[in-house]
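None of the figures in this text is laboratory data; all of them are computed from the coordinates on show. Remember, predicted model here, so these are calculated numbers, not experimental data. Please note: Cβ atoms are built from the backbone with ideal geometry, for glycine as well, and neighbour counts cover all protein chains shown.
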């Protein structure tokens, strides 16, 4: 059972570089999410998607882009990396609208990103 | 201030009960959740409570909800060293997103 898989686990970027964080799930979930977790802070929602071809902004979308061409994949793109984007990034998925049900979010193991 | 607030640290002895408290702001939240994060891992759902309930018990876990005061608590009975982790309170918003607290780091001493 793979669940939610994120790659890479760690990455160091220089200011201004770009990269894509990959996320894939094999549970046929409709909803997928990207969160960032800063030290000593709760998770903040960056972007989410309710299905293939549909994405929407979360609380902290600036500096990021997403796409959802398939149900399985939800990559997160950083175009011009900045030190403020140093964080741990978590991808998550759920079958339905998770805040309105008791259905849980399934989280990936995270990507630790440092921008220097 | 933060939408969801919880204390940052809690230290207990093995075998004691742990109580982690949380306050939230949106009275229309339908579900409230407790997630557990072990070192180097993603969050895992521990338990949840529907907003029209006062209490929910699940083995060693008891969730209490005071909707009037917007206060949520998680009690872990007979706390074990394996319970050491960060515990996040989260409220489900009507827009479909979860708002997380900063997390409470629980340390269990043998």
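The alpha carbon convex hull volume per residue for chain A rounds to 96 Å³. Can you work out the FRET efficiency for the pair residue B:51 and residue A:26, with r the C-beta to C-beta distance and R0 = 35 Å, to the nearest 0.05? Efficiency, from the Cβ-Cβ distance: 0.65. When chain A is treated as a Gaussian network with alpha carbon springs shorter than 10 Å, the biggest mean-square fluctuation among A:90, A:74, A:106 belongs to A:106. Contact order for chain A, expressed relative to its length and based on alpha carbon pairs under 8 Å spaced 6+ residues apart, stands at 35 percent.
When peptides A:76-85, A:9-18, B:67-76 are ranked by their average number of other Cβ atoms within 10 Å per residue, the highest-first order is B:67-76, A:76-85, A:9-18.
One decimal place: the segment residue B:44-residue B:68 gains 5.9 nm when fully extended, by the rule 0.36 nm per residue minus the C-alpha distance.
Averaging the sequence gap over all C-alpha pairs within less than 8 Å and six or more residues apart, then dividing by the number of residues, gives region B:24-110 a relative contact order of 30 percent. Per residue of peptide A:42-49, the mean number of Cβ atoms on other chains within 10 Å of the residue Cβ is 5. Here the scattering of the protein assembly as shown is modelled by Debye summation over its C-alpha atoms, one equal scatterer each and no solvent; at q = 0.07, 0.11, 0.16 Å⁻¹ the log10 of I(q)/I(0) is -0.22, -0.55, -1.11.
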